[in-house]
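Worksheet for the structure shown next.
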Ligand SMILES: Nc1ncnc2c1ncn2[C@@H]1O[C@H](COP(=O)(O)OP(=O)(O)O)[C@@H](O)[C@H]1O
Ligand SMILES: [Mg+2]
(Lines give C-alpha, C1' and ligand atoms only; values in the text may rest on other atoms or scores of the structure.)
(Ligands and ions follow the chains in the order given, each with its own letter.)
Protein backbone atom coordinates (compact mmCIF):
# COMPACT_ATOMS: atom_id res chain seq x y z
CA UNK A 1 0.00 0.00 0.00
CA UNK A 2 1.27 3.50 -0.76
CA UNK A 3 1.92 5.99 2.00
CA UNK A 4 -0.44 8.94 1.95
CA UNK A 5 1.64 10.76 4.56
CA UNK A 6 5.36 10.29 4.71
CA UNK A 7 7.35 12.31 7.24
CA UNK A 8 11.15 12.06 7.31
CA UNK A 9 13.57 13.45 9.87
CA UNK A 10 11.26 16.30 10.82
CA UNK A 11 12.67 18.94 13.16
CA UNK A 12 10.56 21.75 14.53
CA UNK A 13 10.00 23.84 17.64
CA UNK A 14 9.35 27.30 18.92
CA UNK A 15 11.74 30.25 18.74
CA UNK A 16 14.82 28.12 18.32
CA UNK A 17 13.94 25.40 20.85
CA UNK A 18 13.76 21.89 19.47
CA UNK A 19 10.55 19.97 20.15
CA UNK A 20 10.46 17.57 17.20
CA UNK A 21 13.89 16.02 17.01
CA UNK A 22 13.86 13.91 13.87
CA UNK A 23 10.36 12.46 13.52
CA UNK A 24 9.82 9.66 11.00
CA UNK A 25 6.24 8.58 10.45
CA UNK A 26 4.26 7.12 7.59
CA UNK A 27 0.52 6.74 7.27
CA UNK A 28 -0.71 4.42 4.51
CA UNK A 29 -3.78 5.53 2.56
CA UNK A 30 -7.00 4.83 4.43
CA UNK A 31 -5.20 3.84 7.63
CA UNK A 32 -5.79 5.30 11.09
CA UNK A 33 -2.59 5.66 13.11
CA UNK A 34 -2.89 6.52 16.79
CA UNK A 35 -0.10 8.83 17.91
CA UNK A 36 0.43 8.23 21.60
CA UNK A 37 2.79 9.73 24.11
CA UNK A 38 2.93 11.55 27.39
CA UNK A 39 2.00 15.16 27.80
CA UNK A 40 4.48 17.56 26.29
CA UNK A 41 6.39 15.11 24.07
CA UNK A 42 5.45 17.07 20.93
CA UNK A 43 2.29 15.46 19.52
CA UNK A 44 0.45 18.75 18.97
CA UNK A 45 3.62 20.32 17.60
CA UNK A 46 3.84 17.46 15.11
CA UNK A 47 0.23 17.81 14.02
CA UNK A 48 0.58 21.57 13.61
CA UNK A 49 3.77 21.17 11.61
CA UNK A 50 2.17 18.67 9.24
CA UNK A 51 -0.80 21.05 8.81
CA UNK A 52 1.52 23.93 7.92
CA UNK A 53 0.53 25.93 10.99
CA UNK A 54 4.13 25.76 12.23
CA UNK A 55 7.18 25.97 9.94
CA UNK A 56 9.64 23.10 10.44
CA UNK A 57 13.37 23.74 10.79
CA UNK A 58 14.16 20.87 8.44
CA UNK A 59 12.91 17.55 7.19
CA UNK A 60 10.39 16.30 4.68
CA UNK A 61 6.59 16.09 4.78
CA UNK A 62 5.12 14.38 1.74
CA UNK A 63 1.40 14.13 1.14
CA UNK A 64 0.68 11.67 -1.64
CA UNK A 65 4.26 12.11 -2.81
CA UNK A 66 4.11 15.91 -2.90
CA UNK A 67 6.62 17.76 -0.71
CA UNK A 68 4.76 20.17 1.57
CA UNK A 69 7.26 20.88 4.36
CA UNK A 70 7.19 24.63 4.99
CA UNK A 71 4.11 25.21 2.83
CA UNK A 72 1.38 27.55 4.11
CA UNK A 73 -1.54 25.96 5.94
CA UNK A 74 -4.01 26.79 3.18
CA UNK A 75 -1.76 25.06 0.66
CA UNK A 76 -1.52 21.95 2.84
CA UNK A 77 -5.30 22.05 3.28
CA UNK A 78 -5.74 22.21 -0.48
CA UNK A 79 -3.45 19.19 -0.71
CA UNK A 80 -6.10 17.17 1.11
CA UNK A 81 -5.22 17.53 4.79
CA UNK A 82 -7.67 18.68 7.44
CA UNK A 83 -7.28 19.20 11.18
CA UNK A 84 -9.53 18.77 14.19
CA UNK A 85 -7.30 20.72 16.52
CA UNK A 86 -6.63 20.33 20.20
CA UNK A 87 -9.01 22.63 22.04
CA UNK A 88 -11.44 22.39 19.06
CA UNK A 89 -11.10 26.06 18.13
CA UNK A 90 -14.65 26.68 16.99
CA UNK A 91 -14.92 30.26 15.71
CA UNK A 92 -16.52 31.88 18.76
CA UNK A 93 -18.32 34.82 17.10
CA UNK A 94 -19.71 32.70 14.26
CA UNK A 95 -22.79 30.53 14.29
CA UNK A 96 -22.55 26.80 13.72
CA UNK A 97 -23.85 27.35 10.19
CA UNK A 98 -21.27 30.08 9.52
CA UNK A 99 -18.47 27.92 10.95
CA UNK A 100 -19.42 25.17 8.52
CA UNK A 101 -19.99 27.52 5.59
CA UNK A 102 -16.45 28.86 5.81
CA UNK A 103 -15.12 25.34 5.38
CA UNK A 104 -17.67 24.46 2.67
CA UNK A 105 -16.95 27.57 0.61
CA UNK A 106 -13.19 27.19 0.97
CA UNK A 107 -13.55 23.60 -0.24
CA UNK A 108 -15.40 24.30 -3.48
CA UNK A 109 -12.21 23.41 -5.34
CA UNK A 110 -12.18 19.97 -3.69
CA UNK A 111 -15.37 18.23 -4.66
CA UNK A 112 -16.22 15.15 -2.64
CA UNK A 113 -18.88 13.41 -0.67
CA UNK A 114 -19.14 15.90 2.19
CA UNK A 115 -21.71 18.67 2.19
CA UNK A 116 -23.13 20.75 5.01
CA UNK A 117 -26.34 18.72 4.67
CA UNK A 118 -24.47 15.46 5.14
CA UNK A 119 -22.59 16.84 8.15
CA UNK A 120 -25.94 17.72 9.71
CA UNK A 121 -27.21 14.20 8.98
CA UNK A 122 -24.13 12.68 10.60
CA UNK A 123 -24.44 14.96 13.65
CA UNK A 124 -28.07 16.06 14.03
CA UNK A 125 -27.16 17.94 17.20
CA UNK A 126 -25.31 20.46 15.02
CA UNK A 127 -28.42 20.98 12.90
CA UNK A 128 -30.39 21.80 16.05
CA UNK A 129 -27.73 24.30 17.08
CA UNK A 130 -27.11 25.79 13.65
CA UNK A 131 -28.08 29.31 14.72
CA UNK A 132 -25.99 29.29 17.91
CA UNK A 133 -22.59 30.91 18.16
CA UNK A 134 -19.44 28.86 18.68
CA UNK A 135 -19.04 30.14 22.23
CA UNK A 136 -22.58 29.08 23.11
CA UNK A 137 -21.91 25.40 22.42
CA UNK A 138 -21.01 22.66 24.88
CA UNK A 139 -17.61 21.02 24.57
CA UNK A 140 -19.09 18.03 22.78
CA UNK A 141 -20.95 20.24 20.33
CA UNK A 142 -17.79 22.21 19.65
CA UNK A 143 -16.00 18.94 18.97
CA UNK A 144 -18.70 17.90 16.51
CA UNK A 145 -18.41 21.28 14.84
CA UNK A 146 -14.64 20.89 14.54
CA UNK A 147 -15.12 17.44 13.01
CA UNK A 148 -17.81 18.69 10.62
CA UNK A 149 -15.65 21.60 9.54
CA UNK A 150 -12.75 19.25 8.79
CA UNK A 151 -14.94 16.78 6.88
CA UNK A 152 -16.24 19.56 4.63
CA UNK A 153 -12.68 19.84 3.32
CA UNK A 154 -13.21 16.34 1.85
CA UNK A 155 -9.81 15.39 3.28
CA UNK A 156 -7.68 12.38 2.42
CA UNK A 157 -5.79 12.79 5.67
CA UNK A 158 -7.42 13.85 8.91
CA UNK A 159 -5.35 15.09 11.85
CA UNK A 160 -7.30 14.55 15.08
CA UNK A 161 -5.69 16.07 18.17
CA UNK A 162 -7.22 14.71 21.38
CA UNK A 163 -10.84 14.68 20.27
CA UNK A 164 -11.97 13.28 23.63
CA UNK A 165 -10.11 15.84 25.73
CA UNK A 166 -12.24 17.34 28.48
CA UNK A 167 -15.47 15.61 27.44
CA UNK A 168 -17.79 13.59 29.69
CA UNK A 169 -17.69 9.81 29.06
CA UNK A 170 -21.11 9.74 27.40
CA UNK A 171 -20.03 12.53 25.05
CA UNK A 172 -16.75 10.76 24.29
CA UNK A 173 -18.83 7.75 23.31
CA UNK A 174 -20.90 9.90 20.97
CA UNK A 175 -17.81 11.38 19.32
CA UNK A 176 -16.25 7.92 19.10
CA UNK A 177 -19.38 6.69 17.35
CA UNK A 178 -19.14 9.50 14.82
CA UNK A 179 -15.47 8.78 14.15
CA UNK A 180 -16.10 5.06 13.91
CA UNK A 181 -18.78 5.76 11.36
CA UNK A 182 -16.12 7.41 9.22
CA UNK A 183 -14.04 4.22 9.03
CA UNK A 184 -15.72 3.23 5.78
CA UNK A 185 -14.89 6.54 4.10
CA UNK A 186 -11.29 5.62 3.38
CA UNK A 187 -9.93 8.70 5.13
CA UNK A 188 -6.47 8.21 6.59
CA UNK A 189 -5.94 9.72 9.99
CA UNK A 190 -3.39 10.57 12.62
CA UNK A 191 -5.25 10.29 15.91
CA UNK A 192 -3.58 11.87 18.95
CA UNK A 193 -5.40 10.52 21.97
CA UNK A 194 -4.82 10.11 25.70
CA UNK A 195 -7.83 7.83 26.10
CA UNK A 196 -6.28 4.48 25.18
CA UNK A 197 -9.61 2.68 24.93
CA UNK A 198 -10.73 5.17 22.33
CA UNK A 199 -7.39 5.02 20.51
CA UNK A 200 -7.49 1.22 20.34
CA UNK A 201 -11.10 1.27 19.21
CA UNK A 202 -10.39 3.58 16.27
CA UNK A 203 -6.81 2.96 15.19
CA UNK A 204 -5.30 0.28 12.93
CA UNK A 205 -1.80 1.08 14.06
CA UNK A 206 -0.05 2.71 16.97
CA UNK A 207 2.96 5.01 17.01
CA UNK A 208 4.50 6.22 20.27
CA UNK A 209 6.35 9.49 20.60
CA UNK A 210 8.95 10.27 23.23
CA UNK A 211 10.94 13.49 23.41
CA UNK A 212 10.16 14.51 19.87
CA UNK A 213 10.81 11.16 18.20
CA UNK A 214 8.81 8.11 17.24
CA UNK A 215 10.15 5.31 19.40
CA UNK A 216 7.64 2.57 18.64
CA UNK A 217 5.39 1.51 15.80
CA UNK A 218 3.18 -1.56 15.59
CA UNK A 219 -0.32 -2.73 14.81
CA UNK A 220 -2.91 -1.90 17.42
CA UNK A 221 -3.43 -5.60 18.17
CA UNK A 222 0.30 -6.12 18.72
CA UNK A 223 0.55 -3.11 20.93
CA UNK A 224 -2.32 -4.23 23.12
CA UNK A 225 -0.83 -7.66 23.66
CA UNK A 226 2.37 -6.52 25.34
CA UNK A 227 1.05 -4.62 28.33
CA UNK A 228 4.45 -4.21 29.96
CA UNK A 229 5.88 -2.61 26.85
CA UNK A 230 2.85 -0.34 26.57
CA UNK A 231 3.28 0.61 30.19
CA UNK A 232 6.95 1.46 29.82
CA UNK A 233 6.32 3.48 26.63
CA UNK A 234 3.40 5.47 27.96
CA UNK A 235 3.84 5.35 31.70
CA UNK A 236 0.29 4.14 32.13
CA UNK A 237 -1.45 0.81 32.61
CA UNK B 1 -32.07 73.17 24.15
CA UNK B 2 -31.46 74.13 20.53
CA UNK B 3 -27.74 74.68 21.11
CA UNK B 4 -27.61 71.23 22.63
CA UNK B 5 -29.23 69.88 19.51
CA UNK B 6 -26.55 71.51 17.38
CA UNK B 7 -23.91 69.96 19.59
CA UNK B 8 -25.52 66.52 19.34
CA UNK B 9 -25.68 66.84 15.55
CA UNK B 10 -22.06 67.95 15.41
CA UNK B 11 -21.20 64.93 17.53
CA UNK B 12 -23.05 62.61 15.18
CA UNK B 13 -21.26 64.08 12.15
CA UNK B 14 -17.93 63.65 13.90
CA UNK B 15 -18.95 60.13 14.95
CA UNK B 16 -19.77 59.23 11.34
CA UNK B 17 -16.36 60.35 10.18
CA UNK B 18 -14.60 58.62 13.07
CA UNK B 19 -16.40 55.37 12.30
CA UNK B 20 -15.25 55.49 8.67
CA UNK B 21 -11.69 56.16 9.81
CA UNK B 22 -11.46 53.80 12.80
CA UNK B 23 -13.04 50.76 11.15
CA UNK B 24 -9.99 49.77 9.10
CA UNK B 25 -7.66 50.41 12.02
CA UNK B 26 -9.71 48.14 14.25
CA UNK B 27 -10.16 45.25 11.79
CA UNK B 28 -6.51 45.25 10.73
CA UNK B 29 -5.44 45.18 14.36
CA UNK B 30 -7.89 42.40 15.11
CA UNK B 31 -6.63 40.27 12.24
CA UNK B 32 -2.89 40.68 12.35
CA UNK B 33 -2.17 42.45 15.66
CA UNK B 34 -0.70 45.32 13.67
CA UNK B 35 -1.41 48.86 14.69
CA UNK B 36 -1.31 50.75 11.42
CA UNK B 37 0.29 53.99 12.55
CA UNK B 38 0.15 55.28 8.96
CA UNK B 39 -3.65 55.37 9.16
CA UNK B 40 -3.71 59.09 9.96
CA UNK B 41 -1.45 59.84 7.00
CA UNK B 42 -3.80 57.87 4.73
CA UNK B 43 -6.62 60.06 6.02
CA UNK B 44 -4.56 63.17 5.26
CA UNK B 45 -3.98 61.95 1.70
CA UNK B 46 -7.76 62.01 1.28
CA UNK B 47 -7.98 65.51 2.75
CA UNK B 48 -5.36 66.83 0.31
CA UNK B 49 -7.00 65.05 -2.61
CA UNK B 50 -10.01 67.18 -1.73
CA UNK B 51 -7.82 70.30 -1.56
CA UNK B 52 -6.56 69.54 -5.06
CA UNK B 53 -9.85 68.60 -6.69
CA UNK B 54 -12.56 70.49 -4.81
CA UNK B 55 -11.97 74.14 -5.61
CA UNK B 56 -14.15 76.94 -4.25
CA UNK B 57 -17.64 76.74 -5.69
CA UNK B 58 -16.98 73.26 -7.11
CA UNK B 59 -20.02 71.15 -7.75
CA UNK B 60 -21.02 67.67 -6.70
CA UNK B 61 -19.13 66.09 -9.62
CA UNK B 62 -15.77 67.38 -8.41
CA UNK B 63 -16.55 66.18 -4.91
CA UNK B 64 -17.53 62.70 -6.08
CA UNK B 65 -14.39 62.57 -8.18
CA UNK B 66 -12.34 63.45 -5.09
CA UNK B 67 -14.03 60.67 -3.12
CA UNK B 68 -13.24 58.12 -5.84
CA UNK B 69 -9.65 59.32 -6.27
CA UNK B 70 -9.11 59.19 -2.50
CA UNK B 71 -10.57 55.68 -2.35
CA UNK B 72 -8.15 54.49 -5.03
CA UNK B 73 -5.16 56.22 -3.44
CA UNK B 74 -6.12 54.87 -0.01
CA UNK B 75 -6.56 51.32 -1.31
CA UNK B 76 -3.16 51.41 -3.02
CA UNK B 77 -1.48 52.73 0.12
CA UNK B 78 -3.29 50.12 2.21
CA UNK B 79 -2.19 47.34 -0.14
CA UNK B 80 1.39 48.58 0.07
CA UNK B 81 1.24 48.72 3.87
CA UNK B 82 -0.21 45.21 4.00
CA UNK B 83 2.57 43.87 1.80
CA UNK B 84 5.24 45.60 3.89
CA UNK B 85 3.88 44.47 7.24
CA UNK B 86 3.38 40.92 6.02
CA UNK B 87 7.03 40.77 4.97
CA UNK B 88 8.10 41.33 8.59
CA UNK B 89 7.10 39.20 11.53
CA UNK B 90 7.75 41.14 14.71
CA UNK B 91 4.90 43.34 15.86
CA UNK B 92 7.19 46.15 16.91
CA UNK B 93 8.92 46.13 13.52
CA UNK B 94 5.55 46.23 11.84
CA UNK B 95 4.35 49.16 13.91
CA UNK B 96 7.59 51.06 13.30
CA UNK B 97 7.30 50.32 9.59
CA UNK B 98 3.80 51.81 9.39
CA UNK B 99 4.97 54.77 11.47
CA UNK B 100 7.79 55.35 8.98
CA UNK B 101 5.50 55.11 5.96
CA UNK B 102 3.11 57.53 7.65
CA UNK B 103 5.87 60.06 8.32
CA UNK B 104 7.13 59.86 4.74
CA UNK B 105 3.64 60.26 3.28
CA UNK B 106 2.90 63.25 5.55
CA UNK B 107 6.22 64.84 4.60
CA UNK B 108 5.52 64.40 0.89
CA UNK B 109 2.11 66.01 1.38
CA UNK B 110 3.72 68.98 3.13
CA UNK B 111 6.23 69.34 0.28
CA UNK B 112 3.40 69.30 -2.24
CA UNK B 113 0.86 71.47 -0.45
CA UNK B 114 2.93 73.58 1.92
CA UNK B 115 2.32 74.22 5.59
CA UNK B 116 -0.74 76.41 5.06
CA UNK B 117 -4.08 75.61 6.61
CA UNK B 118 -6.38 74.73 3.72
CA UNK B 119 -10.11 74.97 4.03
CA UNK B 120 -12.30 72.94 1.72
CA UNK B 121 -15.77 74.04 0.75
CA UNK B 122 -18.75 71.75 0.71
CA UNK B 123 -20.14 71.12 -2.79
CA UNK B 124 -22.15 74.18 -3.81
CA UNK B 125 -25.63 72.61 -3.89
CA UNK B 126 -25.34 71.47 -0.27
CA UNK B 127 -23.20 74.33 0.98
CA UNK B 128 -26.07 76.14 2.72
CA UNK B 129 -27.94 75.64 5.94
CA UNK B 130 -31.36 74.42 6.96
CA UNK B 131 -33.39 75.34 9.99
CA UNK B 132 -33.55 72.59 12.59
CA UNK B 133 -35.69 73.47 15.63
CA UNK B 134 -35.05 77.15 15.10
CA UNK B 135 -31.29 76.82 14.61
CA UNK B 136 -29.55 77.01 11.27
CA UNK B 137 -27.52 73.90 10.64
CA UNK B 138 -25.22 73.09 7.68
CA UNK B 139 -26.89 70.72 5.20
CA UNK B 140 -23.51 69.18 4.46
CA UNK B 141 -23.12 67.93 8.03
CA UNK B 142 -26.54 66.32 7.92
CA UNK B 143 -25.40 64.52 4.78
CA UNK B 144 -22.29 63.33 6.60
CA UNK B 145 -24.53 61.91 9.33
CA UNK B 146 -26.59 60.18 6.64
CA UNK B 147 -23.40 58.78 5.14
CA UNK B 148 -22.44 57.42 8.56
CA UNK B 149 -25.79 55.66 8.93
CA UNK B 150 -25.59 54.15 5.43
CA UNK B 151 -21.99 53.09 6.00
CA UNK B 152 -22.82 51.48 9.33
CA UNK B 153 -25.67 49.49 7.79
CA UNK B 154 -23.60 48.47 4.76
CA UNK B 155 -20.65 47.38 6.89
CA UNK B 156 -22.96 45.53 9.26
CA UNK B 157 -24.54 43.58 6.39
CA UNK B 158 -21.16 42.86 4.81
CA UNK B 159 -19.33 41.83 7.96
CA UNK B 160 -22.11 40.26 10.04
CA UNK B 161 -24.30 38.76 7.35
CA UNK B 162 -22.23 37.78 4.32
CA UNK B 163 -19.95 34.78 3.75
CA UNK B 164 -16.99 37.11 3.23
CA UNK B 165 -17.85 38.75 6.55
CA UNK B 166 -17.78 35.34 8.25
CA UNK B 167 -14.25 34.85 6.98
CA UNK B 168 -13.24 38.30 8.24
CA UNK B 169 -14.70 37.71 11.71
CA UNK B 170 -13.21 34.21 11.88
CA UNK B 171 -9.82 35.59 10.86
CA UNK B 172 -10.01 38.11 13.70
CA UNK B 173 -10.88 35.28 16.09
CA UNK B 174 -8.40 32.59 14.97
CA UNK B 175 -6.41 33.26 11.83
CA UNK B 176 -4.36 30.05 11.85
CA UNK B 177 -7.52 27.96 12.02
CA UNK B 178 -9.05 29.81 9.07
CA UNK B 179 -5.92 29.10 7.05
CA UNK B 180 -6.10 25.42 8.05
CA UNK B 181 -9.54 25.30 6.44
CA UNK B 182 -7.97 26.21 3.10
CA UNK B 183 -8.53 29.98 3.09
CA UNK B 184 -5.63 32.13 1.90
CA UNK B 185 -5.80 34.49 4.85
CA UNK B 186 -3.03 36.64 3.39
CA UNK B 187 -5.39 37.75 0.64
CA UNK B 188 -8.12 38.47 3.18
CA UNK B 189 -5.68 40.62 5.15
CA UNK B 190 -4.57 42.60 2.10
CA UNK B 191 -8.21 43.14 1.11
CA UNK B 192 -9.25 44.37 4.54
CA UNK B 193 -6.15 46.53 4.85
CA UNK B 194 -6.83 48.12 1.45
CA UNK B 195 -10.56 48.60 2.07
CA UNK B 196 -9.93 50.07 5.52
CA UNK B 197 -7.36 52.50 4.15
CA UNK B 198 -9.69 53.46 1.29
CA UNK B 199 -12.38 54.28 3.86
CA UNK B 200 -9.92 56.37 5.89
CA UNK B 201 -8.95 58.35 2.78
CA UNK B 202 -12.61 58.85 1.83
CA UNK B 203 -13.09 60.02 5.41
CA UNK B 204 -10.40 62.62 4.72
CA UNK B 205 -12.37 63.99 1.77
CA UNK B 206 -15.70 63.97 3.61
CA UNK B 207 -14.19 65.63 6.67
CA UNK B 208 -12.58 68.26 4.46
CA UNK B 209 -15.39 70.83 4.68
CA UNK B 210 -15.42 70.38 8.47
CA UNK B 211 -11.77 69.92 9.50
CA UNK B 212 -9.87 71.21 6.45
CA UNK B 213 -6.35 70.02 5.70
CA UNK B 214 -3.06 70.94 7.36
CA UNK B 215 0.16 69.29 8.53
CA UNK B 216 -0.31 67.58 11.88
CA UNK B 217 -3.96 66.73 11.27
CA UNK B 218 -2.86 63.14 10.53
CA UNK B 219 -1.59 62.70 14.09
CA UNK B 220 -4.70 64.20 15.67
CA UNK B 221 -6.98 61.97 13.61
CA UNK B 222 -4.86 58.88 14.28
CA UNK B 223 -5.02 59.55 18.00
CA UNK B 224 -8.80 60.01 17.93
CA UNK B 225 -9.21 56.83 15.87
CA UNK B 226 -7.02 54.93 18.34
CA UNK B 227 -9.17 56.16 21.21
CA UNK B 228 -12.29 55.04 19.32
CA UNK B 229 -10.80 51.59 18.70
CA UNK B 230 -9.64 51.18 22.29
CA UNK B 231 -13.01 52.28 23.68
CA UNK B 232 -15.01 50.09 21.31
CA UNK B 233 -12.83 47.01 21.55
CA UNK B 234 -10.21 45.87 19.07
CA UNK B 235 -11.30 43.99 15.96
CA UNK B 236 -14.99 44.69 16.39
CA UNK B 237 -17.23 46.51 13.91
CA UNK B 238 -19.91 47.22 16.48
CA UNK B 239 -17.24 48.39 18.88
CA UNK B 240 -15.83 50.84 16.32
CA UNK B 241 -19.33 52.20 15.72
CA UNK B 242 -20.14 52.62 19.40
CA UNK B 243 -16.71 54.08 20.14
CA UNK B 244 -17.08 56.56 17.26
CA UNK B 245 -20.52 57.69 18.42
CA UNK B 246 -19.33 58.09 22.02
CA UNK B 247 -16.18 60.01 21.11
CA UNK B 248 -18.08 62.15 18.60
CA UNK B 249 -20.49 63.18 21.33
CA UNK B 250 -17.84 63.66 23.99
CA UNK B 251 -15.85 65.85 21.65
CA UNK B 252 -18.81 67.92 20.49
CA UNK B 253 -20.20 68.37 24.00
CA UNK B 254 -16.76 69.18 25.31
CA UNK B 255 -16.24 71.77 22.60
CA UNK B 256 -19.64 73.30 23.34
CA UNK B 257 -19.39 73.33 27.13
CA UNK B 258 -15.72 73.26 28.10
CA UNK B 259 -13.76 74.23 24.98
CA UNK B 260 -10.39 74.36 26.72
CA UNK B 261 -10.83 70.81 28.06
CA UNK B 262 -12.36 69.16 24.97
CA UNK B 263 -9.38 66.98 24.08
CA UNK B 264 -8.79 66.15 27.72
CA UNK B 265 -12.38 64.88 27.97
CA UNK B 266 -11.79 62.47 25.08
CA UNK B 267 -8.94 60.81 26.95
CA UNK B 268 -10.82 60.93 30.23
CA UNK B 269 -13.63 59.00 28.52
CA UNK B 270 -11.11 56.44 27.31
CA UNK B 271 -9.55 56.08 30.76
CA UNK B 272 -13.00 55.65 32.28
CA UNK B 273 -13.98 52.93 29.82
CA UNK B 274 -10.68 51.12 30.33
CA UNK B 275 -11.15 51.19 34.09
CA UNK B 276 -14.60 49.63 33.85
CA UNK B 277 -14.08 47.41 30.79
CA UNK B 278 -10.42 46.86 29.96
CA UNK B 279 -11.23 45.04 26.69
CA UNK B 280 -13.44 47.89 25.45
CA UNK B 281 -17.20 48.16 25.28
CA UNK B 282 -17.88 45.60 22.53
CA UNK B 283 -14.72 43.59 21.95
CA UNK B 284 -14.55 40.93 19.24
CA UNK B 285 -14.96 37.43 20.59
CA UNK B 286 -11.82 35.43 20.02
CA UNK B 287 -11.48 31.71 19.44
CA UNK B 288 -12.89 29.24 21.90
CA UNK B 289 -10.09 27.35 23.51
CA UNK B 290 -11.01 24.54 25.83
N1 LIG C 1 3.34 27.85 21.27
C2 LIG C 1 4.36 27.33 21.96
N3 LIG C 1 5.43 28.08 22.25
C4 LIG C 1 6.48 27.57 22.95
N5 LIG C 1 6.55 26.30 23.37
C6 LIG C 1 5.51 25.49 23.11
C7 LIG C 1 4.37 25.96 22.38
N8 LIG C 1 3.50 24.93 22.26
C9 LIG C 1 4.08 23.89 22.88
N10 LIG C 1 5.28 24.20 23.39
C11 LIG C 1 6.19 23.31 24.08
O12 LIG C 1 6.52 22.25 23.19
C13 LIG C 1 6.55 21.02 23.87
C14 LIG C 1 5.61 20.04 23.19
O15 LIG C 1 4.29 20.52 23.34
P16 LIG C 1 3.09 19.83 22.59
O17 LIG C 1 3.46 19.62 21.17
O18 LIG C 1 1.88 20.65 22.86
O19 LIG C 1 3.01 18.44 23.33
P20 LIG C 1 1.83 17.38 23.42
O21 LIG C 1 0.80 17.74 22.42
O22 LIG C 1 2.49 16.08 23.12
O23 LIG C 1 1.31 17.42 24.82
C24 LIG C 1 6.19 21.31 25.32
O25 LIG C 1 7.39 21.41 26.07
C26 LIG C 1 5.51 22.64 25.26
O27 LIG C 1 5.73 23.37 26.45
MG1 LIG D 1 -1.19 18.24 22.65
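The values are calculated or read from the model by the stated rules, or taken from the named source; none is laboratory data. Keep in mind it's a predicted model, so treat the numbers as computed, not measured. With ideal geometry, Cβ positions are generated from the backbone for all residues, glycine too; neighbour counts draw on all protein chains shown.
Within the stretch B:56-79, which residues are in contact (Cβ under 8 Å) with a residue 12 or more places away in the chain and over 18 Å from the mean Cα position of the chain (by Cα)? Steps first, please.
Quick first cut of the stretch B:56-79, residues in contact (Cβ under 8 Å) with a residue 12 or more places away in the chain only: B:56-60, B:62-63, B:65-67, B:69-79.
Within the stretch B:56-79, B:56, B:57, B:58, B:59, B:60, B:62, B:63, B:65 qualify.
Results for (1) more than 10 Å from ligand 1 (Cβ to nearest atom); (2) more than 25 Å from residue A:139 (Cα to Cα); (3) modelled with pLDDT of 95 or more, shown as yes or no for each residue.
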{"site": "A:3", "(1), (2), (3)": "yes, yes, no"}
{"site": "A:14", "(1), (2), (3)": "no, yes, yes"}
{"site": "A:35", "(1), (2), (3)": "no, no, yes"}
{"site": "A:48", "(1), (2), (3)": "no, no, yes"}
{"site": "A:57", "(1), (2), (3)": "yes, yes, yes"}
{"site": "A:63", "(1), (2), (3)": "yes, yes, yes"}
{"site": "A:67", "(1), (2), (3)": "yes, yes, yes"}
{"site": "A:79", "(1), (2), (3)": "yes, yes, yes"}
{"site": "A:84", "(1), (2), (3)": "yes, no, yes"}
Among the numbered conditions (1) within 20 Å of the chain's Cα centre (by Cα); (2) more than 25 Å from residue B:169 (Cα to Cα), tell me where residue A:152 comes up short. (2)
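Just need a number here: residues in the stretch A:26-64 that are within 14 Å of chain B (Cβ to nearest Cβ), touching a helix residue (DSSP H, G or I) at 6+ places or on another chain (Cβ under 6 Å) and within 16 Å of ligand 2 (Cβ to nearest atom). Before the answer, list the steps.
Applying the first criterion (within 14 Å of chain B (Cβ to nearest Cβ)) to the stretch A:26-64 yields A:44-45, A:47-55, A:63.
This time we only want the ones that are touching a helix residue (DSSP H, G or I) at 6+ places or on another chain (Cβ under 6 Å), so: A:51-54.
With within 16 Å of ligand 2 (Cβ to nearest atom) added as a condition, the list becomes A:51, A:53-54.
So the count comes out to 3.
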The listed residue being in contact (Cβ under 8 Å) with a residue 60 or more places away in the chain and within 20 Å of residue A:95 (Cα to Cα), out of B:180, B:173, B:201: B:173
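Okay, residues lined up against (1) over 19 Å from residue A:53 (Cβ atoms); (2) within 16 Å of ligand 1 (Cβ to nearest atom); (3) modelled with pLDDT of 95 or more:
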{"residue": "A:117", "(1), (2), (3)": "yes, no, yes"}
{"residue": "A:130", "(1), (2), (3)": "yes, no, yes"}
{"residue": "A:138", "(1), (2), (3)": "yes, no, yes"}
{"residue": "A:153", "(1), (2), (3)": "no, no, yes"}
{"residue": "A:157", "(1), (2), (3)": "no, no, yes"}
{"residue": "A:179", "(1), (2), (3)": "yes, no, no"}
{"residue": "A:186", "(1), (2), (3)": "yes, no, no"}
Going by the conditions given, is residue B:230 modelled with pLDDT of 90 or more, more than 16 Å from the chain's Cα centre (by Cα) and in a helix (DSSP H, G or I)? no
Residue A:50: in a strand (DSSP E or B) and surrounded by 21 or more Cβ atoms within 10 Å (Cβ to Cβ), yes or no? no
Note on the stretch A:98-133: residues assigned to a helix (DSSP H, G or I) and facing another protein chain (nearest Cβ under 9 Å) are A:98, A:99, A:101, A:102, A:103, A:105, A:106
Taking residue A:154 and the conditions (1) within 12 Å of another protein chain (Cβ to nearest Cβ); (2) at negative phi, which numbered condition does it fall short on, given that it satisfies the others? (2)
